[in-house]
Amino acid sequence: LGIGRWQYVTILNQQYVDRMIATGWAEAKAMTIELAIAVVLFISMIVVIVVLNRIQNNQRNQELADKADTDLLTGLNNKIATERKIQEYLDRNPDKQCLFFLFDIDNFKKINDTLGHAFGDEVLRSLGKQLSNEFRVTDIIGRTGGDEFILFLKDVNDEIIEKEAARFANFFRSFKAGEYVKYSATSSIGATVYPRDAKDYHGLYTTADSALYEAKRQGKN
């Protein structure tokens, strides 16, 4: 190290020099590792945030889709969702035998006129809740009109098809609505079998509607 005419000379032990170099490299290596860890943690946080946002968006979209498919009074599928879900199932499972019921509440207008529309709504609300508890979550239950409903039982074989029909008819023999005043509402039901009677939703609805009309013609209930 030259300073003017002066010279500063330091004599170092080679081991000391090697140790100083090793220490410098170790510090640099440690700093590099810390920096790499910080970068990884930062990227991981970004990935987690993106994934969580995507999950939340998917949940929000699913909730909106469920809301759009749901009948607000009964909690069942609405008319559009009922038709879509049944047709989608038929398209995916053309060889599965299914049972399609179209039914309504007998003399529902009289219920509204004599007991009031609020009680009429309570009858429909109770029916939706009890139907949901009675049948499988995989079956499709929907409200398609004022007091008109559809029950679609998936994948039923010949051995149980009449049993299921009888079980559904018996459901209305014990159905009661109302929290304080218990009202026994009856129903007229039309049934049809896929694919024996029809090949798509509209065909099933038409044939079940004819059966429903016949049930009403014979005296309802």
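Which lysines have a Cα lying under 25 Å from the Cα of K154, excluding residues fewer than 8 positions away in the same chain?
Cross-link targets: K67, K79, K85, K96, K129, K163, K199.
Give me the accessible area of I49, 1.4 Å probe, in Å² rounded to the nearest 10.
90 Å²
Between exposed trypsin sites (Lys or Arg not before Pro) in the chain, where DSSP calls loop and at most 16 other Cβ atoms lie within 10 Å, what's the longest gap? Walk me through the numbers before you get to the answer.
Numbers: sites that count: R5, K96, R136, R173, K176, K182, R196, K199, K220.
Longest gap between qualifying sites, sites excluded: 6-95.
Once the other residues with Cβ under 13 Å from the Cβ of S132 are scored (Lys, Arg +1; Asp, Glu -1), what is the net sum? Don't jump to the answer; show the numbers that get you there.
Values: positive: R125, K129, R136, R143; negative: D71, E134, D139.
Net local charge, S132 excluded: +1.
If you average the sequence gap of Cα pairs under 8 Å that are 6 or more apart and divide by the length of region 66-221, what percent do you get for the contact order?
Working: 238 pairs, mean separation 48.4, N = 156.
Here the relative contact order equals 31 percent.
With a probe of 1.4 Å, find how much accessible area the chain has per residue, and write the answer as a whole number in Å².
Details: 14930 Å² over 221 residues.
On a per-residue basis, 68 Å².
Skipping prolines and chain starts, which residues have an amide H placed within reach, meaning under 5 Å, of the one on T186, given they are 5 or more residues away or on another chain?
Sorted by chain and number, the residues that satisfy this are D106.
At 1.4 Å probe size, put S44, S187 in order of accessible surface, largest to smallest.
On the way: S44 55, S187 5 Å².
Highest to lowest solvent-accessible surface, that is S44, S187.
When the Karplus curve 6.51 cos²θ - 1.76 cosθ + 1.60 is applied with θ = phi - 60°, which whole-Hz ³J(HN,Hα) does each residue of region 208-220 get, with x for Gly and Pro?
Per residue, the Karplus-derived 3J(HN,Hα) values read 5, 5, 5, 5, 5, 4, 5, 4, 5, 5, 8, x, 6 Hz.
Largest first and in whole Å, give the semi-axes of region 69-221's equivalent ellipsoid, each being the square root of 5 times a Cα gyration tensor eigenvalue.
For region 69-221, the semi-axes come out at 26, 16, 14 Å.
At what distance in nm do the modelled label points of N221 and F119 sit from each other, each positioned 7 Å from its Cα along Cα→Cβ?
1.8 nm
Gaussian network model of the chain, Cα springs within a sub-10 Å range: biggest mean-square fluctuation belongs to which of L35, L127, L90?
Sorting by GNM fluctuation, first place goes to L35.
Ignoring any ligand, DNA or RNA, what whole percent of the accessible area of the chain comes from carbon and sulfur when the probe is 1.4 angstrom?
Numbers: 8520 of 14930 Å².
So the carbon and sulfur contribution to the accessible surface is 57 percent.
Residue by residue through region 75-89, which ³J(HN,Hα) values in whole Hz follow from phi under the Karplus form 6.51 cos²θ - 1.76 cosθ + 1.60 (θ = phi - 60°), with glycine and proline marked x?
x, 8, 5, 7, 4, 5, 5, 4, 4, 5, 5, 5, 5, 4, 5
Hey, with R₀ at 35 Å, roughly what FRET efficiency would D155 and V48 work out to, going by the Cβ-Cβ distance, to 0.05? List each step's numbers first, then the result.
Numbers: r = 41 Å, r/R0 = 1.17.
The value I calculate is 0.30.
Placing +1 at every Lys and Arg Cβ and -1 at every Asp and Glu Cβ, with all other atoms neutral, what dipole size does region 27-159 have around its Cα centre, in debye to the nearest 20?
Numbers: 16 positive and 22 negative charges, 94 e Å.
It works out to roughly 460 debye.
Could I have the simple spin-label model distance between W6 and S132, label points 7 Å from Cα toward Cβ, reported in nm to one decimal?
Result for the modelled spin labels: 9.3 nm.
Measuring from label point to label point, each 7 Å out along Cα→Cβ, what is the A166 to A36 span in nm?
7.4 nm
Identify, among A30, I49, W6, the residue whose Cα sits farthest towards the positive end of the charge dipole of region 1-65, taking +1 on the Cβ of Lys and Arg and -1 on the Cβ of Asp and Glu, with the dipole about the Cα centre.
Of the candidates, W6 comes out farthest on the positive side.
From the phi angles alone, apply the Karplus equation (6.51, -1.76, 1.60; θ = phi - 60°) to region 96-104 and give each ³J(HN,Hα) in whole Hz, x where the residue is Gly or Pro.
Result, rounded to whole Hz: 7, 7, 9, 10, 10, 10, 10, 8, 9.
The values are calculated or read from the model by the stated rules, or taken from the named source; none is laboratory data. Predicted model, so just to flag it, every value in this text is computed and none were measured. Cβ sites come from the backbone with ideal geometry, for glycine too, and all protein chains shown count toward neighbours. All accessible areas refer to the heavy atoms of the entire protein, side chains included, with ligands and DNA or RNA removed. Shrake-Rupley method; radii C 1.70, N 1.55, O 1.52, S 1.80 Å.
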